[in-house]
1. So which of 31/206; 35/187; 35/176; 176/328; 176/322; 179/308 end up more than 31 Å apart, counting from Cα to Cα?
2. Please compute the length gained on full extension between residue 12 and residue 335, using 0.36 nm multiplied by the number of residues separating them and subtracting their Cα-Cα distance.
3. Suppose we keep just the DSSP beta bridges with both residues in segment 91-168; what percent of those would be antiparallel, to 5?
4. Once the piece of chain linking residue 48 and residue 92 is laid out straight, how much longer is it, given 0.36 nm per residue of separation minus the C-alpha distance between them?
5. What are the residues whose amide H is under 5 Å from the amide H of residue 306, where those residues sit 5 or more places off or on another chain and H is modelled from the backbone?
6. Could you work out how far helix 348-358 tilts from the main Cα principal axis of the chain, as a 0 to 90 degree angle to the nearest 10?
7. Residue 68: net charge of surrounding residues, Cβ under 14 Å, Lys/Arg +1, Asp/Glu -1, itself excluded?
8. Hey, what do the phi angles of segment 27-36 turn into as Karplus ³J(HN,Hα) couplings, whole Hz, using 6.51/-1.76/1.60 and θ = phi - 60°, x for Gly and Pro?
Amino acid sequence: METLMVGLAERSYPIYIDSGLLDRIELLLPKLPGKRAVIISNSIVAPIYLERVRAVLEQQGVHCESIVLPDGEQYKNAESINAIYDALLAARSERGTPLIALGGGVIGDMVGFAAATYLRGVPFIQIPTTLLSQVDSSVGGKTGINHPLGKNMIGAFYQPVLVLADTNTLDTLPDKELKAGLAEVIKYGLIRDLAFFEWLEGNIEKILTRDKSALQYAISRSCQNKAEVVGMDERESGERALLNLGHTFGHAIENGMGYGTWLHGEAVAAGTILAADLSQRMGWLTDRDVLRVRNLFTRAGLPVTSPKLGADKYLQLMGLDKKVEGGKIRFVLLRSIGHAVMEGNVPQEMVMQTLEACSA
Ligand code: NAD
Ligand code: GLY
């Protein structure tokens with residue numbers, strides 16, 4: 001079993017990564033001293049994994065309540081959060097009772113936000129079951145929900161007390177979701193880890209065929225990168241913002257197309273191609289670099305062309321981005337492959353040219 005640490009002083013926590021960890025649920029026991037927990041999942045994941053997790057915990061003397069939410073990004077909203085509060089209050093769940101998020105990024109983000117706010121804060125544990133959530137969303141404490149006017153606009157920084165990633169849960173994940181997770185994996189290579197990007201160029205097909213050791217390596221290396229960045233800049237005052245490569249454009253695609261139409265990872269992939277094109281227009285990436293980026297996303301089975309929402313619509317939606325400062329959109333761009341930077345001075349005509357060149 002691989003154990004990584006997110007180093008945040010007294011709020012530091014372990015990330016456990018291995019195949020078969022759902023059979024080692026006793027790893028959670030140190031975080032369940034009150035012998036009570038609430039498992040929160042969704043209508044897709046619960047029938048596959050919830051009873052298994054509950055059974056092992058109950059065997060260990062932990063009393064479990066469970067809450068099952070509807071599945072999908074379109075339910076990542078205030079109504080679902082209220083449904084969690086309602087169930088917690090009805091069950092008289094107390095301050096020391098941890099919430100366990102069992103599912104992908106949507107469940108993880110919502111349960112984290114519920115944990116941050118219920119009774120002004122209760123502990124929470126992440127059991128991520130998608131590639132995206134195992135490499136990104138379960139680590140780092142960004143929690144929240146969408147607002148009709150913007151993605152992830154309501155939320156809190158609130159760290160879990162433990163992350164347990166069982167790579168076997170990916171066996172039941174649809175191919176499309178596995179590919180979507182790869183967008184965030186490729187992101188780490190692009191923003192800060194050239195050697196990892198090169199490794200992905202050599203091994204992407206192994207990941208797509210779910211080779212266990214390739215998957216384990218990709219997840220560990222991604223989590224290492226994420227843990228390092230979060231340890232340096234928990235609240236995104238600097239380097240952490242670079243983890244949003246492709247997300248300014250990507251969130252506009254998700255929102256513009258209607259949440260749930262494009263998967264988050266698909267939108268990030270197309271958004272990263274836009275960011276690479278813009279980086280080339282800024283004179284930083286070469287044509288060959290852009291081609292390398294495009295080729296890797298194509299081989300990963302991800303979209304490299306953005307939907308034609310219209311430049312005005314893109315600019316309006318990107319104006320809602322959390323990185324906007326003084327009304328100015330700040331883009332995460334690439335100085336080179338493996339080196340991302342934040343840039344606030346991008347001429348609007350250049351953004352228009354990029355949108356024109358890369359959308360259809
Ligand atoms: P998701 O949670 O919607 O999961 C994708 C689909 O797979 C869902 O239908 C889900 O029910 C299903 N599923 C989950 N695990 C499964 C399994 N093992 N077997 C079969 N089906 C399974 O989507 P996601 O891609 O995991 O997460 C996307 C969300 O994560 C977005 O809302 C995004 O904003 C958020 N996110 C957050 C962060 C962060 O730092 N907090 C980072 C990246 C993304
Ligand atoms: N996924 C971006 C972040 O955690 O900062």
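Just so it is clear, none of the values below were taken in a lab; they were calculated from the coordinates. Predicted, not measured: the structure shown is a model, and the values here were computed from it. Please note: Cβ atoms are built from the backbone with ideal geometry, for glycine as well, and neighbour counts cover all protein chains shown.
1. 31/206; 35/187; 35/176; 176/328
2. 113.1 nm
3. In segment 91-168, DSSP labels about 40 percent of beta bridges as antiparallel.
4. 13.1 nm
5. Result for residue 306 returns 359, 360.
6. Once rounded, one gets 80 degrees.
7. Computed value for this residue: -3.
8. Couplings: 4, 7, 3, x, 9, 10, x, x, 6, 9 Hz.
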